[in-house]
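Worksheet for the structure shown next.
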Amino acid sequence: MIYFDNSATTQALPEVVSTYAKVSEQVWGNPSSLHKFGESAWNLLEQSRAQIAKLLGANPGEILFTSGGTEGDNLVVKGTAFEKREFGKHLITTTIEHPAIQNSMEQLEELGFDVTYLPVDEHGRISVEDLKAAIRPDTILVSVMAVNNEIGSEQPLVEVADVLKDYPKIHFHIDAVQGIGKGLQDAIMNDRVDFVTFSGHKFHAPRGTGFIYARAGRKIAPLLTGGGQERNLRSGTENVPAIAAMAKALRLLLDHEQEAVARELTIKQTILNHIQGLRNITIFSEDTANFAPHILCFAIEGVRGETIVHAFEEQGIYISTTSACSSKKHLASSTLKAMNVADDVATSAVRVSLGDQNTLAEAEEFNRVFDQLYAGFGKIMA
Ligand SMILES: Cc1ncc(COP(=O)(O)O)c(C=O)c1O
């Protein structure tokens, strides 16, 4: 079996699962309790926070635990809007964000906020000039993803940060769910960013885990109110076993980041070289300079994405139509739509997404199976 759907989720590592199990059994207190069971849970929670902060070059107080990327994105976007609504009602984002951002923005528009969606070019990248032109005196947030989850394009985060240095009051948020462990840490944790969203299950931690980086002194309103956990910004008893497991997963990921990125690039290039130039193949992640190492999106024109996915599955290779969210709804990729890709091409697109566990031998096997399927698709394509 070859798992090439790591952007949908990754398999939790055995040592991460074992941390989860051990903490569940042994450190089961509520971190808010005053007795010794509470204290040991609290200590482990804060140890995990400190470990994550250190790995990212942040302060422990700047890490807030959430249930994943969707919650982090909602918290930063709506939390900024609710907190800063007296100062302004304008937000800026891109046309290719994950639905967690996109739908949060739409909800805010229904509440009277005004949103500018920056367009992208044919490589799925925004222009900094467009950003400069969109900024207004009442702008309160700029939210830009690090790596697009459907085609893998990287946004010019450092350039965006430079522009926003002239606007210190605007919150700058990066959705880094697809960017962690991909050699982009300096660009993501840049000196201007205020909030960053991370999701544990994209780096071998359990599903339902995540955290945001929230720069000290930057205020957002909470969405979940209650017992006041996470500095009053995210009430709810902390999931200590999952948080400890996530801290471990992040350490393991970043321990071998460089070699994993190099391997992913080689795997991606091996597949790219194989399919480039073939009749009816359109590649959307071709320009490797501005693309993450782990995502490769291409279409076999004339064959529906679902058909391609199932054909690979029959051969034991797991890929996806462009995103897990759109897969079951049979929707065309919203990113490709925003890039003005014709509908009949967009519905033929599939995504290969690599992880740090994949090997070059798997890429070679993928290519062998690809040849077989491509020959079989000949009739449909015609
Ligand atoms: C870019 C991006 N943002 C946010 C999310 C949502 O993360 P989660 O699945 O942890 O809610 C995803 C998930 O695929 C994503 O790719």
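The values are calculated or read from the model by the stated rules, or taken from the named source; none is laboratory data. All of these numbers come straight from a predicted model, not from anything done at the bench. Don't worry about glycine lacking a Cβ; one is built from the backbone with ideal geometry, like all the others, and counts go over all protein chains shown. Side chains are part of the model used for accessible areas, which takes the heavy atoms of the whole protein and leaves out ligands, DNA and RNA. Shrake-Rupley method; radii C 1.70, N 1.55, O 1.52, S 1.80 Å.
Identify all residues within region 182-203 that are open to solvent by 10 Å² or more (accessible area, probe 1.4 Å) and either away from the ligand (no atom under 14 Å from the Cβ) or farther than 17 Å from Ala161 by Cβ (or both); write none if there are none.
Passing the criteria: Lys182, Gly183, Gln185, Asp186, Ala187, Met189, Asn190, Asp191, Arg192, His201, Lys202.
Spot the failing condition for Thr197; the list is (1) within 14 Å of the chain's Cα centre (by Cα); (2) in a loop (DSSP other than H, G, I, E, B), and only one is missed.
(2)
Pairs, please: C-beta under 8 Å, at least 6 apart or cross-chain, first residue at positive phi and in region 158-185, second in a loop (DSSP other than H, G, I, E, B)?
Gly181/Asp356; Gly183/Pro293
Which condition does Glu150 not pass, out of (1) of a type outside the set (A, V, I, L, M, F, W, C); (2) in contact (Cβ under 8 Å) with a residue 24 or more places away in the chain; (3) out of contact with any Lys or Arg (no Cβ under 8 Å at 6 or more places or on another chain); (4) in a loop (DSSP other than H, G, I, E, B), if it passes all the others?
So the condition that Glu150 fails would be (3).
List the residue pairs whose Cβ atoms are under 9 Å apart, where the first residue sits in region 286-314 and is in contact (Cβ under 8 Å) with a residue 12 or more places away in the chain, the second is basic (Lys, Arg) and assigned to a strand (DSSP E or B), and the two are 6 or more positions apart or on different chains.
Qualifying pairs under 9 Å: Ile295/Arg351; Leu296/Arg351; Cys297/Arg351; Phe298/Arg351; Gly305/Arg351.
Go over the candidates Ile283, Ile300, Ile267 one by one and state the one that is touching a Phe, Trp or Tyr at 6+ places or on another chain (Cβ under 8 Å), open to solvent by less than 10 Å² (accessible area, probe 1.4 Å) and of a type outside the set (D, E, K, R).
Among Ile283, Ile300, Ile267, only Ile300 is touching a Phe, Trp or Tyr at 6+ places or on another chain (Cβ under 8 Å), open to solvent by less than 10 Å² (accessible area, probe 1.4 Å) and of a type outside the set (D, E, K, R).
Check Ile275 against each of (1) more than 28 Å from Gln102 (Cβ to Cβ); (2) open to solvent by 60 Å² or more (accessible area, probe 1.4 Å); (3) touching a strand residue (DSSP E or B) at 6+ places or on another chain (Cβ under 6 Å) and name the one condition it does not meet.
Against the list (1) more than 28 Å from Gln102 (Cβ to Cβ); (2) open to solvent by 60 Å² or more (accessible area, probe 1.4 Å); (3) touching a strand residue (DSSP E or B) at 6+ places or on another chain (Cβ under 6 Å), Ile275 comes up short only on (2).
Go through (1) at pLDDT below 95; (2) of a type outside the set (S, T, N, Q); (3) within 15 Å of Asn148 (Cα to Cα) and name the single condition Asp343 misses.
Among (1) at pLDDT below 95; (2) of a type outside the set (S, T, N, Q); (3) within 15 Å of Asn148 (Cα to Cα), Asp343 violates only (3).
Could we say that Ala205 is touching an Asp or Glu at 6+ places or on another chain (Cβ under 8 Å) and of a type in the set (Gly, Ala, Ser) here?
no
Quick check on Asn149: is it open to solvent by less than 50 Å² (accessible area, probe 1.4 Å) and at pLDDT 95 or above?
Answer is yes for this residue.
Can you run down the residue pairs with Cβ atoms below 9 Å, 6 or more apart or on separate chains, where the first is in region 221-248 and on the phi > 0 side of the Ramachandran plot and assigned to a loop (DSSP other than H, G, I, E, B) and the partner is surrounded by 14 or more Cβ atoms within 10 Å (Cβ to Cβ) and among the aromatic types (Phe, Trp, Tyr)?
Glu230/Phe65
For region 36-48, check the following and say yes or no: at least one residue is touching a Leu at 6+ places or on another chain (Cβ under 8 Å) and either free of Cβ contacts under 8 Å to residues at least 60 places away in the same chain or within 16 Å of the ligand (Cβ to nearest atom) (or both).
For region 36-48, residues touching a Leu at 6+ places or on another chain (Cβ under 8 Å) and either free of Cβ contacts under 8 Å to residues at least 60 places away in the same chain or within 16 Å of the ligand (Cβ to nearest atom) (or both): absent.
Provide a single number: the residues in region 206-220 that are open to solvent by 20 Å² or more (accessible area, probe 1.4 Å) and more than 14 Å from the ligand (Cβ to nearest atom).
So the count comes out to 5.
Restricting to region 1-35, and then to whatever is under 28 Å from Ala311 (Cβ atoms) and more than 16 Å from the ligand (Cβ to nearest atom), can you tell me which residue is surrounded by the fewest Cβ atoms within 10 Å (Cβ to Cβ)?
Once the filter is applied, the top-ranked residue is Met1.
Report the residue count in region 162-176 for those that are of a type outside the set (Ser, Thr, Tyr) and open to solvent by 20 Å² or more (accessible area, probe 1.4 Å).
Of the residues in that region, 5 qualify.
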